[in-house]
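One structure is given below, represented as structure tokens, and several questions about it will come after.
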Amino acid sequence: MMRAFLTFAVAALMTSASVVAAGAQTPAEINFGVISTEASMNQKKNWEPFLEAMSKTTGFKVNGFYATDYAGVIEAMRFNKIQVAWYGNKSGMEAVDRAAGEVFARIVGRDGNVGYYSHVIVHKDSPFAKIEDILKCDKSLDFGIGDPNSTSGFLVPTAYIFAARNIDPKTCFKTVRNANHQANAMAVANKQVAAATNNSEDLQRVAASAPDARSQIKIIWTSPLIPLDPLVWRKDLDPAVKTKLYTFLMSYGRIGSDEEIKAAKAILANLVWSPFQPSSDNQLIPIRVLEANKSLMKLQADEKLSQDEKSRDIAAIRAETAKLEEMQTKAESDEFHRRAAAFIEADKAGRQDELKKMIAELASASATTH
């Protein structure tokens, strides 16, 4: 049933010659990038059933690409070694800015949430109860931080904890180790570091894959809500391919028989997700504001700059922030936002016929956006 719907959506797109890129070729294979939040062996176990379902429905051979760090997935998209990827918001922003990427969907949490939280975690027996307890900066503590391209493991704690207090982690702690979320969780559980960054989604994954380790962890700091992760494809991907991928992703866990929907939702649940929602590059605006504010705080604390230099650079950052805030205001009332909101409403109401029509329209629009 779902494959028949996919065929209809592709046919609808192909009736419009204007959307076919000149010289575009439909690839036989698609490489799908997966950021390294945990060991690749664990990721493959949860991702391969999803990628197999994508292959079966779209007709493409979909290969998982598992790099050892976030930069590997960004660079792979930059050089067209992968065509689609799951990123965090910060790494997604890098892919959009320098790897010809474009946000087209966002993940939704298993519980239906569209946001998550960055955390700082310690061992449950640790004397530390709040973030201030680890910020004495006497270089006595080992600290685990995330990949430099991680939103929740690096950008958010850097901005909200360290930049906000004019603290350099490297001079505050005895050691600062970069690692993925799973490695940082295990390091805390095994008392290899005194504290580390993590996030609410990956602590759910640890609870499922290593419940004994999760029981040894407590949270001492929680960030404001962070938008959940984007899915990104290359802008120059063949429009017909985009349509097939988009239709599959928006239909997965929504469209089909009761058995098909149940099976799809079970596979998504293993990724701690539920069915995807439409998105765009505008999802990244709050992360760009966060980056700008982090730069502003760092600049204000820089004693090496003259007052004139500092004033000039601060004015430039504030102008950039004002422009981003204006973009956010416009995004909240544009046509795409209206259509995405209508899609979410129809999804909540379970109106499958309406959803099928919306998915076809959104897929066509997404495939022709550059």
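The values are calculated or read from the model by the stated rules, or taken from the named source; none is laboratory data. Predicted model, so just to flag it, every value in this text is computed and none were measured. All Cβ positions, glycine included, derive from the backbone under ideal geometry; neighbour counts span all protein chains shown. With ligands, DNA and RNA removed, areas are computed over all heavy atoms of the protein, side chains included. Shrake-Rupley method; radii C 1.70, N 1.55, O 1.52, S 1.80 Å.
What's the total number of residues in region 246-274 that are open to solvent by less than 20 Å² (accessible area, probe 1.4 Å) and of a type outside the set (Val, Ile, Thr)?
Total satisfying the criteria: 13.
Further question on the same structure: Give me a count of the residues in region 202-223 that are touching a Leu at 6+ places or on another chain (Cβ under 8 Å) and either closer than 18 Å to Val114 by Cα or not β-branched (Val, Ile, Thr) (or both).
Residues that pass the stated criteria total 1.
Another one. Need at least 2 residues that are among the hydrophobic types (A, V, I, L, M, F, W, C), at pLDDT 95 or above and more than 30 Å from Thr368 (Cβ to Cβ) per element, so show me which strands (runs of 3 or more DSSP E) inside region 191-241 make the cut, counting only ones lying wholly within it.
On the way: elements: 195-199, 217-222, 230-234.
Result: 195-199, 217-222.
Of the residues Leu299, Leu284, which is part of a helix (DSSP H, G or I) and out of contact with any Gly (no Cβ under 7 Å at 6 or more places or on another chain)?
Numbers: Leu284 fails: out of contact with any Gly (no Cβ under 7 Å at 6 or more places or on another chain).
After ruling out the rest, the residue left standing is Leu299.
For Gly253, work out the one condition from (1) touching a residue at least 60 places away in the same chain (Cβ under 8 Å); (2) part of a loop (DSSP other than H, G, I, E, B) it doesn't fulfil.
Every listed condition holds for Gly253 apart from (1).
Pairs under 8 Å by beta carbon, first residue among the hydroxyl-bearing types (Ser, Thr, Tyr) in region 98-121, partner in a strand (DSSP E or B) and crowded, with 23+ Cβ neighbours inside 10 Å, six or more apart or different chains?
Partner pairs satisfying both residue conditions: Tyr116/Asn199; Tyr116/Ile226; Tyr117/Asn199; Tyr117/Ile226; Ser118/Thr197; Ser118/Asn198; Ser118/Asn199; Ser118/Ile226.
Something else about it: Mind listing just one residue for me: the one in region 123-166 that is assigned to a loop (DSSP other than H, G, I, E, B) and either of a type in the set (D, E, K, R) or modelled with pLDDT under 90 (or both) and, of those, most open to solvent (accessible area, probe 1.4 Å)?
Per the stated criteria, the residue is Lys136.
Given (1) in a helix (DSSP H, G or I); (2) over 20 Å from Glu291 (Cα atoms), where does Val176 come up short, assuming only one miss?
Every listed condition holds for Val176 apart from (1).
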